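The values are calculated or read from the model by the stated rules, or taken from the named source; none is laboratory data. Computed from a predicted structure; not experimentally measured. Quick reminder, even Gly has a Cβ in these numbers, built from the backbone with ideal geometry, and neighbours come from all protein chains shown.
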Amino acid sequence: MTDAAYDYDLFVIGGGSGGVRAGRIAAQAGAKVGLAEEYRMGGTCVVRGCVPKKFMVYSSKYGKDIELSAGYGWSVGDVSYDHEKFMVGLHAEVDRLSAIYDRNLKNAGVDVFDDRAEFVDKHTLRLKKSGKTITAKKILIAVGGRPWLPSAEELPGVEHVIDSNGVFELTELPKRMVIAGGGYIAVEFAHVFAGLGTEVCLVYRGDTVLRGFDDEIRLAVHEGLKEAGVRVVTKCVFNSIEKTDAGLTVTLSSGTEIETDVVLMAVGRRANTDDLGCDKAGVKLAGNGDVIVDEWSRTNVENIWAVGDVTGRVALTPVAIREGHAFADTEFGGKPWKMDHANIPTAVFTQPEVGTVGISEAEARKTYGEIDIYKTKFRPMKNMLNGDQTRTFMKLVVRASDQRVLGVHVVGDDAAEMIQTAAIAVKMGATKQHFDQTCALHPSAAEELVTMRTKWVPEGV
Ligand SMILES: Cc1cc2nc3c(=O)[nH]c(=O)nc-3n(C[C@H](O)[C@H](O)[C@H](O)COP(=O)(O)OP(=O)(O)OC[C@H]3O[C@@H](n4cnc5c(N)ncnc54)[C@H](O)[C@@H]3O)c2cc1C
């Protein structure tokens, strides 16, 4: 297969979720593969995204669980939390996982370069540290994204903030934190730090967090933040941040001033295409820096592809992995297939968490007109003895014409675990009758998904 005119059949830029999968599958199919990673193998997910974030979510739940265990007969002595100790454990696990990614690539025969790669032309890359020039027949851009921050002109004092990467470097637990943003990263960290004992204020420019999710899910999360003790300030942005003797003072667009120790900005992400040299290779970018691709992850240049967050499609780890796998199978494995971006299950690890697959009620009404809604809200069994008033909310969005389930939305403990399985049914085109015919599993919260029988009728109808 190898073309002697080039150093590599495939060169992958970026050792994150998408790049590592593509590199490994192409190498296993017999291609000569090189991969450059400028920071740490495993990328955002392993080093400063999903994995360390989920550990923080787990950690932040213990405090409340210990408190609630009294209802089950437990009495626990003095409780304390050591953030530094926890972070040592977290980073040890991240190091272990990152090393596994590195090893798996090398075991598959991929040449790994701990270096930054930039385009010289459409078949040539320069490695920045070593100065080495490499040629490749095919090139995959899998450089992911990074947190976006406003400039100092847009936000005076922005140099005092941290972004989501900075969260994983905090060795001390802040007493007070102000978070800007209403997306999933902002609300997840608001719960994490509130759970760990930080006084958290979330500032969001809209009126309800989690834009793009089902409206009732958004409301439930919004209320859940307040119940968790987070001060939620809506319809406001930051005007400035000032360093004071007492910490930092954030001035909001409303004129309100908030004293804090840490300011976390989680207001969006941008593709890592600055200085990548896409112009030298002739690769077209969108206005925001995303690489423009078609459904086969092909760019406008015939030997260059892009997968994962850099393409601005759906910024989730399993999506990047599948796009990378599809690319490698198609180009090197003789098994062409495309990533299907419909019905991707997704979770928001708030407390309680959100799990969702398919489309929202509003989107279904807009697209299909006539739809049936089934929903339920209940206090889960576990909370009956522990005094926790938190409720679980579930909603099924069903197309009236053929009873196909278009969306399943859950806010409650273990929602993510439930939705991964429900997603199989939705992907297969299950109808409400299939849900009804499925025997319940008792006692569980998930059984409510197959026992909702009464169509919801809006008030006044
Ligand atoms: C805080 C946070 C929480 C998240 N939580 C979840 C979650 O719960 N579930 C989920 O599915 N997704 C989550 N995500 C999103 C997920 O991490 C990304 O969708 C996923 O990592 C994208 O993979 P990727 O391969 O496209 O890019 P990345 O994983 O970002 O990998 C790109 C790699 O390329 C490297 N690179 C960049 N430029 C160059 C260059 N020129 N040369 C060499 N190397 C380069 C970077 O260092 C990086 O390692 C989260 C993200 C964040 C930030």
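Among the residues of region 390-440 satisfying the criterion of being touching a residue at least 60 places away in the same chain (Cβ under 8 Å) and in a loop (DSSP other than H, G, I, E, B), which is nearest to ALA364 (Cα to Cα)?
Among those that are touching a residue at least 60 places away in the same chain (Cβ under 8 Å) and in a loop (DSSP other than H, G, I, E, B), it is GLY412.
Taking THR234 as the residue in question, decide whether it is under 30 Å from LYS377 (Cβ atoms) and at pLDDT 95 or above.
On the way: under 30 Å from LYS377 (Cβ atoms): yes; at pLDDT 95 or above: yes.
When the stated conditions are applied, THR234 passes them.
Which residue is surrounded by the most Cβ atoms within 10 Å (Cβ to Cβ), if the candidates are limited to region 74-104 and must be of a type in the set (D, E, K, R) and closer than 15 Å to VAL20 by Cβ?
That would be ASP102.
For residues that are of a type in the set (A, V, I, L, M), more than 10 Å from the ligand (Cβ to nearest atom), touching a strand residue (DSSP E or B) at 6+ places or on another chain (Cβ under 8 Å) and not in a strand (DSSP E or B), tally how many sit in region 289-315.
Of the residues in that region, 2 qualify.
Somewhere in region 298-321, is a residue within 14 Å of ILE139 (Cα to Cα), of a type in the set (D, E, K, R), surrounded by fewer than 21 Cβ atoms within 10 Å (Cβ to Cβ) and modelled with pLDDT of 95 or more?
There is at least one residue in region 298-321 that is within 14 Å of ILE139 (Cα to Cα), of a type in the set (D, E, K, R), surrounded by fewer than 21 Cβ atoms within 10 Å (Cβ to Cβ) and modelled with pLDDT of 95 or more.
Among the candidates ARG126, ARG40, which residue alone is in a loop (DSSP other than H, G, I, E, B) and within 14 Å of the ligand (Cβ to nearest atom)?
It is ARG40.
From ALA286, ALA246, which residue is more than 16 Å from the ligand (Cβ to nearest atom), of a type in the set (A, V, I, L, M) and either within 20 Å of ARG146 (Cα to Cα) or modelled with pLDDT under 95 (or both)? It would help to see each step written out before you state the result.
Numbers: ALA286 fails: more than 16 Å from the ligand (Cβ to nearest atom).
Answer to the selection: ALA246.
Can you say whether GLU353 is buried (at least 20 other Cβ atoms within 10 Å of the Cβ) and closer than 24 Å to GLU295 by Cα, as far as the supplied structure shows?
On the way: buried (at least 20 other Cβ atoms within 10 Å of the Cβ): yes; closer than 24 Å to GLU295 by Cα: no.
Considered against the rule, which asks whether it is buried (at least 20 other Cβ atoms within 10 Å of the Cβ) and closer than 24 Å to GLU295 by Cα, GLU353 comes out as no.
Are any residues in region 168-194 within 16 Å of the ligand (Cβ to nearest atom), in contact (Cβ under 8 Å) with a residue 12 or more places away in the chain and more than 25 Å from THR251 (Cβ to Cβ), and if so, which ones?
Across region 168-194, the qualifying residues are PHE168, TYR184, GLU188, HIS191, VAL192.
Select from region 107-138 the residues that are closer than 29 Å to GLU169 by Cα and surrounded by 14 or more Cβ atoms within 10 Å (Cβ to Cβ) and list them in ascending order.
Answer for region 107-138, where residues must be closer than 29 Å to GLU169 by Cα and surrounded by 14 or more Cβ atoms within 10 Å (Cβ to Cβ): VAL112, PHE113, ASP114, ASP115, ARG116, ALA117, GLU118, LEU127, LYS128.
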